[in-house]
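A.B. asks: First, the structure itself, so that you have it in front of you.
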Amino acid sequence: MSIRLNTHRLSKQNSLTSLHRLQYGSKEDVGFEHLFQFFHRAFPLAFNRETFQRAYDASDISKTAYRTKYCCKLKIYAAILATSTFDTNQKRQLKILMLVEDEHSLHAFNIGKRLLLQMIETCKELENINQIYAYVESTNLDGIQFYKMMSFQQREIIQDYFPRRASLTPDAIKLEYRIRTSSNNELIQTFPKSMQLMIV
């Protein structure tokens with residue numbers, strides 16, 4: 001997951017208004033090309049067209065937040081691609097790839113939070129998904145904190161998880177959200193006023 005922020009902030013009123021103007025849909029609503037450009041700009045060494053095509057095709061649940069501007073120009077603010085995996089007991093799990101970009105920290109956090117909660121609610125409706133997993137660079141303390149604020153639990157450190165050419169560090173922190181036991185009521189509603197996050 002990646003959230004790029006700077007130190008600017010929106011007022012609460014302006015942030016909520018902007019959130020309501022966004023459109024929410026799936027990967028099909030924005031299309032492969034827009035999503036590829038969105039992720040490639042953030043991770044040019046991790047994704048070329050071929051590698052992103054594999055991630056796009058493999059994802060069976062997706063969420064997007066976007067806005068259609070003048071002359072049908074589309075701008076993506078956030079996207080989640082979730083791919084199913086199965087444990088040794090053939091229980092379904094999700095591995096997520098998430099990116100949120102906005103020039104305002106409060107706005108970006110609220111978009112990311114809303115999209116992730118939509119993903120969680122979809123998983124609850126499907127009833128056959130037990131966990132959602134996120135893998136974050138071990139040196140990315142802000143990213144780890146974001147997931148913990150969203151009720152993810154840190155599980156383990158995995159060495160050499162990320163390709164060295166595509167990441168600042170190859171080691172990952174594995175975080176887990178348990179669909180059947182976690183409560184969304186426990187989510188923290190506040191976020192640091194000024195920080196820059198880079199969550200992968």
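Only the coordinates and a few stated rules stand behind these numbers; no lab work does. All values derive from a computational prediction rather than experimental measurement. Here the Cβ is made from the backbone with ideal geometry for all residues, glycine too, and neighbour counts use every protein chain on show.
A.B. asks: Determine the gain in length on full extension of the stretch residue 84-residue 121; use 0.36 nm per residue of separation and subtract their C-alpha separation, reporting nm with one decimal.
C.D. replies: 11.7 nm
A.B. asks: Pull out the extension gain between residue 73 and residue 58, defined as 0.36 nm times the separation in residues minus the alpha carbon to alpha carbon distance; nm, one decimal.
C.D. replies: Additional length available on full extension: 2.7 nm.
A.B. asks: Cross-link list 27/174; 95/124; 69/113; 73/113; 27/148: which exceed 21 angstrom alpha carbon to alpha carbon? It would help to have the intermediate numbers written out before the result.
C.D. replies: Numbers: 27/174 25 Å; 95/124 15 Å; 69/113 23 Å; 73/113 25 Å; 27/148 26 Å.
Table pairs above 21 Å Cα-Cα are 27/174; 69/113; 73/113; 27/148.
A.B. asks: Can I ask one more? Averaging over all projection directions, find the projected area of the Cα convex hull of the range 29-104 and quote it in nm² with one decimal place.
C.D. replies: Working: hull surface 24.8 nm².
Reported value for the Cα convex hull: 6.2 nm².
A.B. asks: For the range 59-148, compute Rh as the Kirkwood radius over C-alpha pairs and then the Stokes-Einstein diffusion coefficient at 10 °C and 1.306 mPa s; write the answer in µm²/s, rounded to an integer.
C.D. replies: Working: Rh = 14.4 Å.
Diffusion coefficient, whole number: 110 µm²/s.
A.B. asks: Can you compute the FRET efficiency between residue 45 and residue 156 using 1/(1 + (r/R0)^6), with r the Cβ-Cβ distance and R0 = 25 Å? Round to the nearest 0.05. Don't jump to the answer; show the numbers that get you there.
C.D. replies: Numbers: r = 25 Å, r/R0 = 1.01.
After rounding to 0.05, the efficiency reads 0.50.
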